[in-house]
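Taking it in order: structure first as C-alpha cells, then the write-up.
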Amino acid sequence: VKDACIIGAGASGLTAAKALLDQGLSFDWFELGSGIGGNWRYGSWDRGQYGRSPAYASLHVDTSKERMAFADLPVPEGWPTYLHHSELLRYLEVYAERFRLLPHCTFRSEVTRVVPDAGDWLVTVRSRDDGSARTTRYRAVVVASGHHWKPIEPSWVGEFTGIRMHSSAYRTPDVFEGRRVLVVGIGNSGADIASEAVSHAASVSLSTRRGAHIIPRYILGRATDQWTGPGASRLPLPLQRAPYRVLLWLSRGRQRGSGVPVPPNRLLEEHPTVSQELLPLVRAGQIVVRPDVARLDGDRVVFVDGRSELVDLLVTATGYEICFPFLDRAVLEVRDNEVGLFRRVVHPEAPGLYFVGLIQPLGAIMPLAEAQAAWVARLVRGAPPPPREVMRASIERDRVALESRYVESRRHTIQVDYWPYLNEMRAAIREADHALGVAS
Ligand SMILES: Cc1cc2nc3c(=O)[nH]c(=O)nc-3n(C[C@H](O)[C@H](O)[C@H](O)COP(=O)(O)OP(=O)(O)OC[C@H]3O[C@@H](n4cnc5c(N)ncnc54)[C@H](O)[C@@H]3O)c2cc1C
Ligand SMILES: NC(=O)c1ccc[n+]([C@@H]2O[C@H](COP(=O)([O-])OP(=O)(O)OC[C@H]3O[C@@H](n4cnc5c(N)ncnc54)[C@H](OP(=O)(O)O)[C@@H]3O)[C@@H](O)[C@H]2O)c1
C-alpha cells in the first residue's frame, strides 16, 4: 500500500508532490488534463466535465510575484511584478522540472471515487484515453483539485433572450464587439472583464448587490500586497486598517462619490477587488454601475431600483462553488461553500484525508499551499494531528471568527489572512517535526 494519492496537478498538487518526495513518501498522482498548471493552463480543452481553465487571454495575476512564488523557487529576476498567466504557467513548469516532479504524475486520469476502507482509502481512477478504471488502496489522500472551476450561476425570475455566459467561459474581447454588455458581480473577474469590455462594447454596465472596496495594484509605485508584512499583520484589524486607508486615499482618491458603491463592511472584511482601471472607467462614465438584478425580461434586464437596460451579452462573474464530485457526502459535506476542516487542511472525522490549496487568502495562495503541503507530508509520515475534539473546537472557532468578520457570502467561507496563516502553518510544521523526532 503506497503512502498517498494526490489528486490534481495545479500549483497545489505540484507543491504537494514535492513535499511528499521531500519526506521520502511513496505516492501516485493523477491529473485529469494533459499537462500541469490547472487554472493557469490557458485554453486547455481537456479538463473534461470541469471545462477549461477559467483564465482569459489578458489575465494578469493580482498578487505580486514576491508574494506568490513558492519559498523553494523565487520568480526569476527581470520577470514583471504581476505575472501574465503564461508566465505563471512557465514558472510552474520550471518548478516541476527543477524538482523532477513530472515523472511521478499520470495525466489524462480522472479520480472518480475516493472511499474510506478499513483505515485506508480506496481511490478509483478512470483513464480518459481508453475509459478503463482501476481502484487502488492508499494510506492517505491529498486533495488538490482546485476550487475555481464550477461556476455559480444565479437564477433570476424571467427569461433572457440575449447571450449569457459565466466569467469562466470568457476568453477574448472580440465577444464584446458592438454589443451592450452587462457584467454581474464585482469580484476580480467582474472588474477585469468589465474594464476590458470598455474598448470593444457599445456600452458596459456592472451590477453589484453591495459594492466592493476597490484596491489598486500599486500604491505609490509599489505592489499593494508588499505594503503588509508579518509584523503589521499581528496588529488588531483597526490598526492595520488605518494606515491602509490613508495609502489607498493617496493612491486612488476617495471611492465614495466615484460611482462604485462602498460596501457596508470595512476594508479587510471582504476579499479585495484589485483593479487599477475600474474606478477611473466608472468616474469617466465608461462603465455604468447598477444595483442587483431583479429580473430578466427578454432583451432587458431589470434592476432592483426599477430601472432597466437593453442587454446583448450578460456575463455572470458570480464566482465558484466548492465541490468534490469524487467524495461521497457522507465523507465530506460542503454546504454553501462551507467546508469543516482543521486549519483548512485536515478532515477531523476522516483520518488520512487532506486538502491543499482550499483557501481564499487576503493575498496569494501558492506559498500557503506550499506550507500546507509540507505539513500534510509530515502528517502522512505519522505526525499525529490533535485529538478530534480539539480539531472540532478549532473549526468552530474559525467559523465564528469568519462569520463575525466578513459579510455573509459564499466567497468568504475559506478566507485566511496571508501572514497569520503562513505562521500558523509554519508552527504546525515545527510541531509535526518535533513529534516525528520524538517518535523516531
Ligand atoms: C481568474 C482567476 C484568477 C486568479 N488569480 C489569482 C491570483 O492572482 N493570485 C492567487 O494567489 N490566486 C489566484 N487565483 C486562484 C487560483 O485558483 C490559484 O492561484 C491556484 O491556481 C490554485 O491552484 P490549485 O492547484 O489549488 O487549483 P487548480 O489550478 O484548479 O488545479 C487543480 C487541478 O486538479 C485537477 N483535477 C480536478 N479534479 C480532478 C480529478 N477528479 N482527478 C484528477 N485531477 C483533477 C484539475 O484538472 C487541475 O489541473 C485565481 C483564480 C482565477 C479563477
Ligand atoms: N486578475 C486576477 O488575478 C483575478 C481575476 C479574476 C479572478 N481572480 C480570483 O479568482 C477568484 C474568483 O473571483 P471571481 O471574481 O470570479 O469570484 P468572487 O470573488 O466569488 O466574486 C463573485 C462576485 O459575484 C457576486 N455574486 C455572487 N453571486 C451573486 C448573485 N447571485 N447575484 C449578484 N451577485 C452575485 C459576489 O457578490 P457578494 O460579494 O455580494 O457575494 C461577488 O461580487 C478569486 O480568488 C479572485 O481573486 C483573480
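Read the figures in this text as sums done on the coordinates, not as results from a lab. What you see is a predicted model; the values in this text were computed from it and never measured. Because the Cβ atoms are built from the backbone with ideal geometry, glycine has one as well, and the counts that use them run over all protein chains shown.
For the range 241-331, the Cβ-based charge dipole about the Cα centre amounts to some 620 debye (Lys, Arg positive; Asp, Glu negative; other atoms uncharged). Shape verdict for the range 1-143, please, from the Cα gyration tensor: rounded (a/c under 1.5), prolate (a/b greater than b/c) or oblate. Note, shape of the range 1-143 comes out oblate.
Cross-link partners for K2 among the aspartates and glutamates, with Cα-Cα distance under 20 Å and sequence neighbours closer than 8 places in the same chain left out: D22, D28, E31, E110, D117, D120.
Cβ crowding within 10 Å, taken as a proxy for footprinting-reagent exposure, orders V204, V390 from fewest neighbours to most as V390, V204. Take the Cα of R405, go 7 Å toward its beta carbon, and the backbone nitrogen atoms of the range 205-237 under 18 Å from that spot belong to 213, 225-237.
Here each label is just a point 7 Å from Cα along the line to Cβ, and for L247 and V115 those points are 5.2 nm apart.
Fewest neighbouring Cβ atoms within 10 Å first, the residues M68, M366 line up as M68, M366.
For the pair E338 and L235, the difference between a 0.36 nm per residue extended length and the Cα-Cα distance amounts to 34.4 nm.
Taking a straight line from the alpha carbon of K65, these lysines sit under 27 Å away, with near neighbours fewer than eight places off in the same chain left out: K18, K150.
Relative contact order for the range 111-242: what percent, with Cα pairs under 8 Å and sequence separation of 6 or more?
Details: 120 pairs, mean separation 16.3, N = 132.
Dividing the mean separation by the residue count of the range 111-242 yields 12 percent.
Let me know the shape class of the range 342-440, please: from the alpha-carbon gyration tensor, a ≥ b ≥ c as square roots of the eigenvalues, rounded when a/c is under 1.5, otherwise prolate if a/b is greater than b/c, or oblate. Prolate, since a/c reaches 1.5 and a/b exceeds b/c. Roughly how many whole Å is it from the C-alpha centroid of the range 412-432 to that of the range 320-354? Their Cα centres are 18 Å away from one another. The dipole here belongs to the chain: it is taken about the Cα centre, uses +1 on the Cβ of Lys and Arg and -1 on the Cβ of Asp and Glu, and is about 680 debye. Where only DSSP H runs of four or more residues are counted, the chain gives -8500 deg cm²/dmol as its mean residue ellipticity at 222 nm, each run worth -39500 (n - 2.57). If R0 equals 25 Å, the separation of the Cβ atoms of R137 and E97 corresponds to a calculated FRET efficiency of about 0.20. Would you give the gap between the C-alpha center of the range 242-302 and the C-alpha center of the range 121-193, rounded to a whole Å? That distance is 25 Å. Per the Debye calculation on the chain with a single equal scatterer at every Cα and no solvent contribution, log₁₀ I(q)/I(0) for q = 0.07, 0.10, 0.13 Å⁻¹ amounts to -0.36, -0.74, -1.24. The residue among G306, F355, P280 whose Cα reaches farthest toward the positive pole of the charge dipole of the range 252-385, with charges on the beta-carbon of Lys, Arg, Asp and Glu, is P280. Applying 1/(1 + (r/R0)^6) with R0 = 22 Å to the Cβ-Cβ distance of L73 and E431 gives a FRET efficiency near 0.30.
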